[in-house]
Structures are given as structure tokens and as C-alpha cells.
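FYI, it's all coordinate maths here, none of it is from the lab. Given the structure is predicted, the values throughout are model-derived calculations rather than measurements. Reconstructed Cβ throughout: ideal geometry from the backbone, glycine too, with neighbour counts over all protein chains shown.
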């Protein structure tokens, strides 16, 4: 599960988006805890449906790479954050 801060469409209120790329699912919540709880329910429901329909369950790839990096932006450049 991938979790990140998000802004609600239409209201611009702060919240959290949760993604499960392996299953192609997304959900969210007002708090981290709510986003995780909502996502867990969605994953359980999705897996139950796949099992009921006798569909194969997707498996995470065995290789995952997570990278965080910092870059330098010259002070004399005009920019804004999205």
C-alpha cells in the first residue's frame, strides 16, 4: 500500500490517498488511520470477489525499488510548488 497526503477534489481539504498498485485499487481518508482502514476493507472486498469468481489473485512483483532523493534548485530561479 502506498499512502500520501492529498487534497480533496472540489473542497481542497487535506486528506490522505491510499493506493494498492498490485490490485489496481485506490481509496482515501481524512486521516492516515482512516485511509489505511478504508483501504484494508477495499482490499478484503476485492479479494473476496476474485475468489468468489474463481479469478487468480494478483501477486506483488518480487522486486521493489523505493528511492527518495533530493535535488538542488538554484536560489535565483523562479518556481512554485504544485
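Which residue is surrounded by the fewest Cβ atoms within 10 Å (Cβ to Cβ), if the candidates are limited to the range 12-28 and must be within 12 Å of residue 39 (Cα to Cα) and out of contact with any strand residue (DSSP E or B) (no Cβ under 9 Å at 6 or more places or on another chain)?
Ranking the candidates gives 24 first.
So that you can scan it fast, the table gives a plain yes or no per residue for (1) surrounded by 10 or more Cβ atoms within 10 Å (Cβ to Cβ); (2) in contact with a helix residue (DSSP H, G or I) (Cβ under 8 Å, 6 or more places away or on another chain):
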{"site": "35", "(1), (2)": "yes, no"}
{"site": "39", "(1), (2)": "yes, no"}
{"site": "44", "(1), (2)": "yes, no"}
{"site": "50", "(1), (2)": "yes, no"}
{"site": "57", "(1), (2)": "yes, yes"}
{"site": "61", "(1), (2)": "no, no"}
{"site": "75", "(1), (2)": "no, no"}
{"site": "78", "(1), (2)": "no, no"}
